[in-house]
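Here the structure is laid out as structure tokens; the discussion comes afterwards.
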Amino acid sequence: MTVTLRYSARSDIGLVRQTNQDSGYAGPHLCAMCDGMGGPAGGDIASAIAIEHLAPLDADSHQASEMLGLLREAIQSTHTDLVTLSNQDPDLAGLGTTCVAVMRSGNKLAMVHVGDSRAYLLRDGGLTQVTTDHTFVEYLVESGRLTREQARRHPQRSVLLRVLGDAEGEVQLDESIREAVPGDRWLLCSDGLSGPVTAETIAEVLSTVPDPGQAGDQLIDLALRAGGPDNVTAVIFDVVEEAEADTTPQLVGAVANRRARLAAAAGDSPESRPNPEAPTEILPTSPGPTAATPAAKAAALVAGLEETSGPPRTGEEEAVAAEAVAQGNSRRRRRRRSILATLVLVLALVVAGFLGYQWTQSQYYVTIADGKVAIFQGIPQALGPLELSHLVESYSEPDTTTLDDQMIRRLNETVSQPSLEAAREYINVTVMQHRTVVVLPQATTPAPSATPAPAQPAPTAPSAQPEPGAQTTAEAA
């Protein structure tokens, strides 16, 4: 039996936003979801352009080995168009979009992702978040500075690190090839769903509601019940083993609104215009000549999102139009003020950073480096790869092996000094006082061994010599 997709796409403007900047697409060989940004005049354009570039890939003529390359090419083309459009129109500066897209060929799925729109996979009752958000708070979570629960409430949780249209150059995509396993259910959604609705609740709905369309409706309803702070879009597809039935693609959100306007411009009756929140057949991208260059294609896509001209307007209509123009001008002024405020803030941060660095270089500290007492200029800290101190002097005396434990411990913790002279004085006076006194044993000359002197003969008393003429006793006898 052939593996096919059973799919649905649902989107809602939410309870706070004035426009729907999400765009969703679901078809037999392609499902995609894009969340635009850039204000009322940019986000819907960006997400619609991305879907228009991806939609032609919804065909069964592509090989599995080609899918990632085709997706990559479509995404890069989208990025180029958005950058070109932003450079041409100052009012569209900063427009961009996230994107998560899954393409099928046979039993293989190719996925590309950039931004914070998510892909979830439900397999055997367990829900897995397949994508990793390219956001500042996700970086903090992965580096261990925030927990998942803290990240859900962080005020900067929507700050994106990667997005389509933000800057010229190659797009950095997360890419993967996966098996299309029968029984799997996939959800592609914007942060308007994954933000207010927990992963546990999403898993419960996907596990208990068999029909993809009904599951999408229920998930959007839950997001609205949670406050609906953002546009909410859910693209759901099931991998099934059955013959292809309905192969009509479904478009929702900004791209559906754009195509409805194009249909109206082509002269269709109101009854025949596509419902932005219902399945919509593929219509021509734009009327008139084919747009060949990125700039021309972007201009044509923007034209499709603008209101078409009609018969002459009445005075009341003119007043409404004037009010709309005034509101548009007011939005542009607010946007310019916001950009100016951002620039001022960035400049203030740069100046503060420079002054802070200058202060650090007016400080000194004494420590042990490479086994020697040393003086460093700065503070013993670093900002990423930037070290805030450098070696000034090192000393062979005093020898660190002669210092007591108290001084060794103090130097290892670093001793701050207000100037180079003070640091030198600290070494010459305080550190020197903490040298341990080493008393070496005194070398003595060994006493010569006592050798007995040779015995001298005792002096003999001189024998009494008889005086001449005197007789000895014997002789006298």
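Label positions at Glu73 and Asp246, each projected 7 Å from the Cα along the C-beta direction, are separated by 3.2 nm. Taking 0.36 nm per residue of separation and subtracting the Cα-Cα distance, full extension of the segment from Gln129 to Glu393 would add 89.6 nm.
From the Cα gyration tensor of segment 8-152, with a ≥ b ≥ c the square roots of its eigenvalues, which class applies: rounded if a/c is under 1.5, or else prolate if a/b is larger than b/c, or else oblate? Taking the square roots of the gyration eigenvalues as a ≥ b ≥ c, segment 8-152 is oblate.
Dipole check for segment 3-305: with +1 at the C-beta of Lys and Arg, -1 at the C-beta of Asp and Glu, and the Cα centre as origin, the magnitude is about 480 Debye. Among His113, His62, His79, the order by Cβ neighbours within 10 angstrom, fewest to most, reads His62, His113, His79. All C-alpha to C-alpha distances of segment 3-305, sorted into 10 Å bins beginning at zero, yield P(r) values of 7, 29, 38, 22, 4, 0 percent in whole numbers. Among Glu52, Glu413, sorting on how many other beta-carbon atoms sit within 10 Å of each Cβ, with the fewest leading, yields Glu413, Glu52.
Filter the chymotrypsin sites (Phe, Trp or Tyr not before Pro) in segment 337-392 down to the DSSP loop ones having no more than 12 other Cβ atoms within 10 Å, then list what survives. Sites meeting the loop and neighbour criteria: none at all. Computed over segment 364-433, the percent of Cα pairs more than 17 Å apart is 36. A DSSP coil position with no more than 13 other Cβ atoms inside 10 Å describes the following GluC sites (Glu not before Pro) in segment 69-178: Glu168, Glu170.
Which of Ile427, Ile339 comes first, and how do the rest follow, when ranked by fewest Cβ neighbours within 10 Å?
Values: Ile427 20, Ile339 13.
So the residues, fewest neighbours to most, are Ile339, Ile427.
Each residue, Thr198 and Thr342, gets one label point 7 Å from its Cα in the Cβ direction; the gap between the two is 3.4 nm.
Backbone N atoms of segment 375-415 closer than 20 Å to the 7 Å Cα→Cβ label point of Glu142 belong to residues 384-385.
Across the alpha-carbon atoms of segment 122-262, the computed radius of gyration and Dmax are 16.9, 49 angstrom. As a calculated quantity, the FRET efficiency between Ala167 and Asn107 at R0 = 22 Å, using C-beta atoms, amounts to about 0.05.
What net charge do the residues around Ser394 carry, taking every other residue with its C-beta under 10 Å from that of Ser394, with Lys and Arg at +1 and Asp and Glu at -1? Write out the running numbers ahead of the final one.
Details: positive: Lys372; negative: Asp370, Glu393.
Within the 10 Å Cβ shell, the charges total -1.
A simple spin-label model places the labels of Glu149 and Asn428 5.9 nm from each other, with each point 7 Å out along Cα-to-Cβ.
Read the figures in this text as sums done on the coordinates, not as results from a lab. As the structure is a prediction and not an experimental result, all values here were calculated from the model. Note that each Cβ is placed from the backbone with ideal geometry, even for glycine, and that neighbours are counted across all protein chains shown.
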